[in-house]
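This report concerns only the one structure given below.
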Amino acid sequence: MRGRAMRACAETIGAMRRGATRAERGAIGRWLISSRDDDRSAGATRERANALETRPRTYANASRAFGASRTVEQWSELAERGVDVNPCNSPKHPAALAGVQTAFDAGRTRRSLQEAYDPHCIDFVCGRAHDTAGKIGLVSYRCENEENVLESHLKFPSQYEEFPGIIGPAMYGVAASAHGNWAASIALMDRAILPRPPLVAVKSLAVSVVDLVGPGEPLTLRSRLLEVEDAREPFRVVVEIEIKSKATSKVVARAECSYEKIGAVRSMR
């Protein structure tokens, strides 16, 4: 317990230095303390630890573990403290779905996840602050037709042609990795009832190329959560991604990516 508290304190102090609000720091600290499993306590058994290691938690099972009343109370508590719990203003944000009154405003413009949570990112795939000709400009939103699904849009510029008129298929993996990173971090944020997504890093990536595309062709990426393991750290998320041509509606690539949480907050800027 002492070690967990010290870690939470260090993470929260770091967040203070990077400009987080009091409510955000409190949420980060509470999550860090509560997210650790109690397997090291005197009363924990080896059988319980082995079960946690060998039995992955599917997203379907894990999502039911929230408890509706607890979810509403915690999102409401954050909102009452002045935290914008749904900065992307999506009707599919869990706080909006739970009925928190201030979580969604139909008269307010929707924002992409990148704009809402990481507007100063300089990543060449999805960074809004990236200003070179190689910017891909991936933007992501919560899907309005389905829960727990993200949808991204992009066009590859001509710099990424492998042959004249053909974008290098390796770029599918680049786009899938970026999209899946957002899907994984948002899933952990939603489940932990946090105001901002944690930092996750890709651990594995597998891509299947179905068709080729040309520069400037609009593409749509959609993700589905296959696994979310957050009983104890390191937290892990597995995401399935499908890439389609917006012009033809045909699938051009499929990917499966796994991610691991490596930091409390994706961006504090």
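Each reported figure results from applying straightforward, stated rules to the coordinates on display, with no laboratory input. These numbers were taken from a predicted model, which means no experiment stands behind them. Note that we place each Cβ from the backbone using ideal geometry, even for glycine, and neighbour counts take in every protein chain shown.
The figures follow:
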{"quantity": "Members of segment 150-177 found to be of a type in the set (A, V, I, L, M, F, W, C) and either surrounded by fewer than 16 Cβ atoms within 10 Å (Cβ to Cβ) or assigned to a helix (DSSP H, G or I) (or both), listed by number", "calculated": "Phe163, Ile166, Ala170, Met171, Val174, Ala175, Ala176"}
{"quantity": "Among the residues listed as Ala170, Ala206, Ala201, the single one being touching a residue at least 60 places away in the same chain (Cβ under 8 Å) and over 18 Å from Arg111 (Cα atoms)", "calculated": "Ala201"}
{"quantity": "Strands (runs of 3 or more DSSP E) wholly inside segment 188-269 that include at least 2 residues being under 13 Å from the mean Cα position of the chain (by Cα) and under 23 Å from Leu97 (Cβ atoms)", "calculated": "219-229, 236-245"}
{"quantity": "In segment 114-149, residue surrounded by the most Cβ atoms within 10 Å (Cβ to Cβ) [restricted to those that are touching a helix residue (DSSP H, G or I) at 6+ places or on another chain (Cβ under 8 Å) and acidic (Asp, Glu)]", "calculated": "Asp123"}
{"quantity": "First in segment 253-268 and on the phi < 0 side of the Ramachandran plot and touching a residue at least 60 places away in the same chain (Cβ under 8 Å), second anywhere and buried (at least 17 other Cβ atoms within 10 Å of the Cβ) and of a type in the set (Lys, Arg), Cβ under 6 Å, 6 or more apart", "calculated": "Glu260/Arg236; Val265/Arg196"}
{"quantity": "Only one of Ser140, Ser152, Ser185, Ser158 that is more than 16 Å from Asn86 (Cβ to Cβ) and under 14 Å from the mean Cα position of the chain (by Cα)", "calculated": "Ser152"}
{"quantity": "Residue that is farthest from Pro197 (Cα to Cα) [pool: residues in segment 78-93 that are in a loop (DSSP other than H, G, I, E, B) and among the charged types (D, E, K, R)]", "calculated": "Arg81"}
{"quantity": "Residue count for segment 212-243, restricted to those that are within 28 Å of Arg191 (Cα to Cα) and in contact with a strand residue (DSSP E or B) (Cβ under 9 Å, 6 or more places away or on another chain)", "calculated": "22"}
{"quantity": "Checklist (1) in contact with a strand residue (DSSP E or B) (Cβ under 9 Å, 6 or more places away or on another chain); (2) outside any loop (DSSP other than H, G, I, E, B) applied to Ala96, failing item", "calculated": "(1)"}
{"quantity": "Filter result for Asp118 (free of Cβ contacts under 8 Å to residues at least 40 places away in the same chain and farther than 19 Å from Leu219 by Cβ)", "calculated": "no"}
{"quantity": "Single condition Lys246 does not satisfy, out of (1) over 18 Å from Ser140 (Cα atoms); (2) surrounded by fewer than 17 Cβ atoms within 10 Å (Cβ to Cβ); (3) not small (Gly, Ala, Ser)", "calculated": "(1)"}
